[in-house]
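Notes to accompany the following structure.
Bear in mind that the values in this text are calculations on the coordinates, not laboratory data. The shown structure was predicted, so the numbers you read here are calculated from the model rather than taken from an experiment. Cβ placement follows ideal geometry from the backbone for every residue including glycine, while neighbour counts extend to all protein chains displayed.
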Amino acid sequence: MHHLRFDDRDTRSERVQTDRFAAISNIWGLFVTNCITSYIPGQHITIDEQLFPCKTRCCFLQYIATKPDKFGIKFWVACDLKTKYVCNILPYLGKDPTRPRGERVSESVVMRLMEPFLDKGRNVTTDNFFTSLSLAKRLLSRNSTILGTVNRIRQEIPPSTRQMHRDEFTTQVFSSTGATLTVYAPKRKKTVYVLSSMHSTIQTQETAKKKPNTITLYNTTKCGVDIMDQMVREYTVRAGTRRWPISVFYNMIDIAALNAHVLYQLCTGRKERRVDFLFELARELAHSHVGMKKVQKEQLLRQQPSTPQFGQRAKCQAKIKCKDNRATVRCVGCYKYTCGKCRKEQWLCQNCE
């Protein structure tokens, strides 16, 4: 862990001038490319933020008071609603100099995350930070729709909808070019604004609450990233570190393991618990490394003499019939120090007979 690096440390200072993520950007780019190309998402994609907790020294560390862990590195995540597969992910690095002047940060993030999945008739579910009428029009031009809550202080919201005193369970519908705004009052003095470009007509339930179908669909599709983050936190490799690239690497491993479980179930058709899958995955990933270390150890033992120098002894490593007897002879099969009780023959222990 002390020597773990993901780039050339000598040239990092030059690359940081143009890329704040330079310490891990190479392996991060490969990871995101594999996530995009390995899976075809369904109709609904959820976009939201993820705060990976860490308190390392980092120029783009974020503080969000509403999160359980206040400090961390923020990521923009596009997640498939049905399987919670992470389709695309972007780190938040502060002010982006490549973003066109006058374009909102929220629109830029959504268009970058959805770029590989546009022109397929998919729907994007967002919260009030991302949703806007201009974004809905841009997505419609790429054969995609949006469904999300809207902040009532947006300029495109009609002034007549900003009144707070409404009767409980009342619904108002406002149509504009390519999108429909639903204003629903679940309580007195509380109003919810939902913008949808996939609903041309709004229907209400025949119940006492008279909930519109846009509100119902939004409640169903908004939780993709939140559930994904909860699943990643349940089984994580995260450990304490003072270097932010290591924290990003931990998050990358957690997301890769979750995506691997989704792909495994879809390709094999088997339903396996994720904890069992992760244990088996860890064993398979470590198998080649453990085997290589075993071969190196055997080669090192073969280079050493079968008996120690005169007057030196070692503890018995076989421990078949003894506990901590002293031994001066190695077994010719396993190259372990073997005492007289644990030897079957003169140069062979009982395990190697």
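The mean sequence distance of close C-alpha pairs (under 8 Å, at least 6 residues apart), as a share of the length of the chain, puts its relative contact order at 12 percent.
With the convex hull drawn over the C-alpha atoms of segment 76-187, the volume per residue is 140 Å³. The length gained by stretching the chain between residue 173 and residue 298 to full extension, at 0.36 nm per residue less their Cα-Cα distance, is 37.4 nm. For segment 20-78, applying the loop criterion from DSSP together with a ceiling of 12 other beta carbons within 10 Å to the trypsin sites (Lys or Arg not before Pro) yields 57. The simple Förster model, with R0 at 35 Å and r as the Cβ-Cβ distance, assigns residue 17 and residue 71 a FRET efficiency of 0.85.
Taking the chain as a whole, the Cys residues whose C-beta sits 4.7 Å or farther from every other Cys C-beta are 35, 54, 58, 59, 79, 87, 223, 267, 322, 334, 342, 352. The distance between label points at residue 82 and residue 209 comes to 2.6 nm (points 7 Å beyond Cα on the Cα→Cβ vector). Distance between the modelled labels on residue 319 and residue 334, one decimal in nanometres: 1.1 nm (7 Å Cα→Cβ projection). Net length available on complete extension from residue 289 to residue 190 is 29.8 nm, with 0.36 nm assigned per residue and the Cα-Cα distance removed. So for the chain, Kirkwood radius off the Cα pairs, Stokes-Einstein at 37 °C and 0.692 mPa s: how many µm² s⁻¹? Result for D is 132 µm²/s.
The equivalent ellipsoid that matches the C-alpha gyration tensor of segment 208-283 spans semi-axes of 31, 20, 9 angstrom, in descending order.
Distance between the pseudo-spin-label points of residue 59 and residue 260 (7 Å out from Cα toward the beta carbon): 3.3 nm. The alpha carbons of segment 54-138 stretch over 41, 36, 22 Å along the principal axes, in descending order. What angle, in degrees between 0 and 90 and rounded to the nearest 10, separates the Cα long axis of helix 274-303 from the longest principal axis of the Cα atoms of the chain? Helix 274-303 sits roughly 30 degrees off the main axis of the chain.
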